[in-house]
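Okay, so here's the structure we're looking at.
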Amino acid sequence: MLRIAAIALSALSLCTAPASAQDRVAPPSVRPAGSAPTIRVVPPQPWTPDEKTESARREADREQVMRDQGMFGLMTMDMDIPARIRFCGFVSGILMSQAAEAADPALRENRVGEAWRYSERLTPLLTVINSRLSASELEQSTREHSQVMGLLSYAPDPWLVEQMEQDTTAIADLGYLFPASIARRCDSLLDDMGIARAEGTPPADLLAAATAFRWSGKTGAELFADTGLLPWSARICVERATPLTAPDFAGAPLEQRGIDGISLLDWAMECDDAEAFAALLDAGFNTDEKGQFGSPPVFVAADSNWPKFLGRLLDAGANPNVLGDSFPNVPLRAADFQKQDGHRETWDMLRAAGASLDYANMWEHWLTFGRSQEILDHWDEFGNDPVDLAWRVSSVLERMTARDIGALEEIKRRLETQHGVCFPVASLMDLRRNDRGFYIQPDCPGEETP
């Protein structure tokens, strides 16, 4: 972080050197007609004593601002008051959009209220300031503010660092906390300018629109706008007058999909609407049909570590081996990643429901991630192509980067003794397959003929 700050200081030093030193140029040279071109290197002219004094003073000011206000102070110290207000206004737009992303409804409403008050504090000033700028000047200002935000992201505010270090801080919250940390600095800046803080609560219609649940930044009205699902989506991800009252989806075109393939069932899972989820299953939703990004709901639930939804899907007869648009979009692989993070409930649910290690090709998966011992732990279930696995094991051993050499050698021994594989294994591109789709080693004594 200090290195980044030093680089920023150096860059700003170059940009803010005394004007006379920056603008001083050597007189032009005249080349006689017909002569060969020459390159003339003009050494920089030394600064005058006054320029050196001014540069030292500016450097001392920057260092003091960096100590007192951090990178925010450094980035804004050379802005005039209108520019500072425009920058803080730029932050307000980001803050409001991120405030609306909070998953918890109460937190979402609270954050939107804070963002609205921050925006209201700036609105009267921005109206006047922006009216004095042309469209091109406003566009240039937006680009400059985006660059400043990028620089600030490399040197986060101490308050933000403190929030990030708390165990209760969710990764999803960081999108809000970053602009919030800058808004706090802006509020202090506006306090110093004597600009009063706004009070009150947002208008009801603005609050309702801003706090509506979003997926990938879009509300249900946006996601399902061009489908017959629009009126039905309005029954999901909303507060209900009576708790545990399930909406009715009889007659809904459940086979239709919204933006990015999202289904009504996906929408209910994303906002944790258990009542709507159950009602959709009762209405006959096909649990094996693909939804968001070509993924079936079983995969989405496993990948997101939502055991309560996965359990309901499996109880409703969903296929635990269902495949998404592309391999390895398989529920068991998604659950394995969760298992590695200490959450094995979805893994156990899928296995209990009959999820196949062979179908998901967990052998290749575990080999890829250096977990060969798990292959041995489940060896009695191995029913995949032994030549394919042998070729992959050989490739890992040849690279000599594996940490589990002993387990790999044992897998190799079992492939030789139990499946008749011959090592070394030729390139799979040179081998034919049998009627099961397994590779054939034609010159291997232990190989079965097709």
Can you give me the % of accessible surface on the chain that is carbon or sulfur? Probe 1.4 Å, all protein chains present, nothing else counted.
53
Find the centroid of the Cα atoms in the stretch 142-210 and in the stretch 46-78, then give the distance between the two in whole Å.
26
Where a ≥ b ≥ c are the square roots of the eigenvalues of the C-alpha gyration tensor, would you call the stretch 57-205 rounded, which needs a/c under 1.5, or, failing that, prolate if a/b is larger than b/c, or oblate?
oblate
In debye to the nearest 20, how big a dipole does the chain give about its Cα centre with +1 on each Lys and Arg Cβ and -1 on each Asp and Glu Cβ?
1680
Below 8 Å, C-alpha to C-alpha, sequence gap of six or more: please give me the relative contact order for the chain in percent.
8
On average, how much accessible surface per residue is there in the chain, in Å², for a 1.4 Å probe, leaving out ligands, DNA and RNA?
55
Which Cα, out of Ala198, Phe293, Asn130, lies furthest along the positive dipole direction of the chain (beta carbon charges, K/R +1, D/E -1)?
Asn130
Could you identify which residue out of Gly113, Gly437, Gly93 has the top mean-square fluctuation in a GNM of the chain using Cα springs shorter than 10 Å?
Gly437
So which aspartates and glutamates pass the test for Lys218, namely a Cα distance under 19 Å, with those fewer than 8 places away in the same chain ruled out?
Glu101, Asp104, Glu109, Asp173, Asp205, Asp226, Glu239, Asp260, Asp266, Glu270, Asp272, Asp273
Semi-axes of the equivalent ellipsoid for the stretch 157-282, Cα gyration tensor, largest first, Å
37, 17, 14
Among Ala209, Ala276, Ala115: highest mean-square fluctuation, GNM of the chain, C-alpha pairs under 10 Å:
Ala209
What's the extension gain from Val128 to Arg413 if we count 0.36 nm per residue and subtract their Cα-Cα distance?
94.7 nm
Cut-off under 29 Å on the C-alpha distance; same-chain residues fewer than 8 positions from Lys339 excluded. Which lysines are left, in chain and number order?
Lys290, Lys308, Lys412
To the nearest 10 degrees, the tilt of helix 2-15 (Cα long axis) against the first principal axis of the alpha carbons of the chain is 40
If I take every Cα pair under 8 Å that is 6 or more residues apart in the stretch 367-422, average their sequence separation and divide by the length, what percent do I get for the relative contact order?
46
Using 7 Å Cα-to-Cβ label points, what is the Val41/Ile81 separation (nm, one decimal)?
4.9
Kindly provide the GluC sites (Glu not before Pro) of the stretch 246-354 that DSSP labels as loop, not H, G, I, E or B, and whose Cβ sees at most 16 other Cβ atoms within 10 Å.
Glu255, Glu289
Evaluate the distance, in nm, between pseudo-label points positioned 7 Å from the Cα of Ala209 and of Leu397 along their respective Cα→Cβ axes.
6.6
Cα-projected label distance for Leu151 with Gln340, points at 7 Å along beta-carbon direction, nm
3.9
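The values are calculated or read from the model by the stated rules, or taken from the named source; none is laboratory data. All values derive from a computational prediction rather than experimental measurement. Note: ideal-geometry Cβ built from the backbone for every residue, glycine included; neighbour counts use all protein chains shown. The area values use the complete protein model at the heavy-atom level, side chains included, leaving out ligands, DNA and RNA. Shrake-Rupley method; radii C 1.70, N 1.55, O 1.52, S 1.80 Å.
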